[in-house]
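A quick write-up on the structure given underneath.
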Amino acid sequence: MRLFKRCIAEGWPEWTHWSATVREQVLRSIVTFINGITASAVVNSSDWPAQRQVEQLRLQLTLLRAWAKKAGR
């Protein structure tokens, strides 16, 4: 979680303005997503090539960031 926290804090300037609760929810959602996509790729690698995993991670991060911006007001 510390690695993800550092990456998000460096990439999303608004991170510091969000409440601790919102930041925690974002981090846990990222970890949950990555764990899920990893498990899916292991079980069915042909359905989850690297490009698809990256695309889905990008989408998830975009959605989380938009949610956090609204929730963090």
Estimated translational D of the chain in µm²/s (Stokes, Kirkwood radius over Cα pairs; 10 °C; 1.306 mPa s): 122 µm²/s
Could you work out the relative contact order of the chain? I mean the mean sequence separation of Cα pairs under 8 Å and 6+ apart, divided by the number of residues, in percent. 42 percent
For the chain, what is the mean residue ellipticity at 222 nm derived from helices alone (per DSSP H run of n ≥ 4: -39500 (n - 2.57); sum divided by total residues; nearest 500 deg cm²/dmol)? -26000 deg cm²/dmol
With a 1.4 Å probe and all protein chains kept in place, how much accessible area does Arg28 have, in Å² rounded to the nearest 10? 130 Å²
Rounded to the nearest percent, how much of the accessible area of the chain (1.4 Å probe, protein heavy atoms only) is carbon and sulfur? 55 percent
Angle, helix 20-43 long axis vs. longest principal axis of the chain, Cα atoms, 0 to 90°, nearest 10? 0 degrees
Please give the per residue accessible area of the chain, computed with a probe of 1.4 Å over protein heavy atoms only, in Å². 72 Å²
Taking the Cα centre of the chain as origin, sum charge times position over the Cβ atoms of Lys and Arg (+1) and Asp and Glu (-1), and report the length of that vector in debye to the nearest 20. 280 debye
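The values are calculated or read from the model by the stated rules, or taken from the named source; none is laboratory data. Please read these numbers as outputs of a predicted model, since none were measured by experiment. Please note: Cβ atoms are built from the backbone with ideal geometry, for glycine as well, and neighbour counts cover all protein chains shown. With ligands, DNA and RNA removed, areas are computed over all heavy atoms of the protein, side chains included. Shrake-Rupley method; radii C 1.70, N 1.55, O 1.52, S 1.80 Å.
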